[in-house]
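In what follows, a single structure is set out as structure tokens and then discussed.
The values are calculated or read from the model by the stated rules, or taken from the named source; none is laboratory data. Computed from a predicted structure; not experimentally measured. As a convention, Cβ positions derive from the backbone with ideal geometry for all residues, glycine included, and neighbour counts pool all protein chains shown. The accessibility values were calculated without ligands, DNA or RNA, using every heavy atom of the protein model including side chains. Shrake-Rupley method; radii C 1.70, N 1.55, O 1.52, S 1.80 Å.
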Amino acid sequence: MTATENTVDSKSMAKNIVYDTKDLNLWYGNDQALKSINLPIRENEVTAIIGPSGCGKSTYIKTLNRMVELVSSVRLSGEILYRGRNILDRKYKVEELRTRVGMVFQKPNPFPKSIFDNVAYGPRIHGIRNKKILQEIVEKSLRGAAIWDDVKDRLHENAYGLSGGQQQRLCIARCLAIEPDVILMDEPTSALDPISTLRVEELVKELKKDYSIVIVTHNMQQAARISDKTAFFLSGEVIEYDQTEKIFSTPTEKRTEDYITGRFG
Ligand code: ADP
């Protein structure tokens, strides 16, 4: 165990590990995008993935729900244990993972449907037809995503009529409606204005009480504001992983310090 891991373990009160990545390598054709990644994601915490453009942040978060396999040239080695089971194992059913792990993307991507139908979409796919139950799920999810008050009088209007920030919170509500265990967020505020960004950040801090969250961000201030743990990626490697306050005050690695002080990236 390295000194860095020691610091993390002693301070984190040994929260349960939701995802444990072990010696993960990923190639797009002949180009290696992830190199021997070892990284735990803990329950009820926000884990931020930071690093310069092209360092593998997005690739990594997309391996956590196996979305990366949609790229035909991808090859993987190593293990990603989700709740103790290796999701890279051929026998692991990706559909099962999709019911436990929600994802929010860079650009809000509501369906061209009503606000209500966007949120009810997942539960309906899971066979819930009862109108009253669906109404309850929709309200709870919209409240959970702090957008209920904005939309409660227009649930049957098209989601495209919402502002960008509202659409992103709607997408978070859509995620909550399947009662996920983990929420993956890939630069969820990069298309939002500063006020909408702050609202989503507040929401993320609130959501970690009930969910485990992994957030990719190129915004270091954002990582510092909202995350418990930070992993700094560079050229496909995890250079340092630690308590967020440690990474931003006294990082162990010179390369981390150079990045967070703006010397590159
Ligand atoms: P980040 O999210 O940190 O900007 P990415 O994970 O998007 O980084 O990219 C990591 C590396 O993988 C980059 O060199 C990028 O060009 C490459 N890459 C990403 N997606 C693909 C793809 N679909 N096909 C081939 N190479 C890719």
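Listing for the model above:
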item	result
Length gained when the stretch Val94-Asn25 is fully extended (0.36 nm per residue, less Cα-Cα span)	22.9 nm
Loop trypsin sites (Lys or Arg not before Pro), the range 171-257, which have at most 14 other Cβ atoms in a 10 Å radius of their Cβ (DSSP)	Lys209
Lys107 accessible area, assembled protein chains, probe 1.4 Å, Å²	150
Using a Förster distance of 41 Å, the FRET efficiency for Lys131-Lys254 (Cβ separation, nearest 0.05)	0.10
Whole-number percent relative contact order across the chain, with pairs defined as alpha carbons under 8 Å at least 6 apart	27
The range 90-164 - accessible surface per residue (Å², probe 1.4 Å)	62
Of all accessible heavy-atom area on the chain, the percent that carbon and sulfur account for (1.4 Å)	48
Kirkwood hydrodynamic radius of the range 80-157, Cα pairs, Å	14.5
Semi-axis lengths, Å, the range 120-207, gyration tensor of Cα atoms, sqrt of 5 times eigenvalues	22, 15, 11
For the chain, with +1 on Lys and Arg beta carbons and -1 on Asp and Glu, the positive-most of Gln32, Ser77, Leu88 along the dipole	Leu88
Cα-based Rg and Dmax for the range 43-183, where Dmax is the largest Cα-Cα distance (Å)	16.6, 50
In Å², nearest 10: area of Ile128 left accessible to a 1.4 Å probe	50
Å² of accessible area per residue within the range 181-257, as computed with a 1.4 Å probe and no ligands counted	41
Spacing of the two label points (7 Å from each Cα toward its C-beta) at Asn44 and Ala191, in nm	3.3
Size of charge dipole - the range 159-253 - debye, nearest 20, with Cβ of Lys, Arg +1 and Asp, Glu -1, no other charges	340
Dipole of the chain, positive end: most advanced residue of Gly165, Ile260, Pro194 [Cβ charges, Cα centre]	Gly165
Potential lengthening between Arg75 and His218 on full extension [0.36 nm per residue; Cα-Cα distance subtracted]	48.9 nm
Spatial separation of Cα centroids for the range 158-190 and the range 192-265, in angstrom	20
Scattering curve values for the chain, log₁₀ I(q)/I(0), Debye with Cα scatterers, q = 0.11, 0.15 Å⁻¹	-0.61, -1.11
Cα-centre dipole for the chain with unit charges at Cβ (Lys and Arg positive, Asp and Glu negative), debye to 20	740
Long-range tail of P(r) for the range 136-258 (Cα pairs > 21 Å, %)	44
Relative intensity, log₁₀ I(q)/I(0), of the range 9-112 from a Debye sum that treats every alpha carbon as a point, q = 0.10, 0.18 Å⁻¹	-0.30, -0.98
Neighbourhood charge, 9 Å Cβ-Cβ cut-off, centred on Gly78 and excluding it, Lys, Arg +1 and Asp, Glu -1	-1
Karplus (6.51, -1.76, 1.60) ³J(HN,Hα), θ = phi - 60°, over the range 84-92, in Hz, Gly and Pro reported as x	x, 10, 6, 6, 8, 5, 3, 6, 6
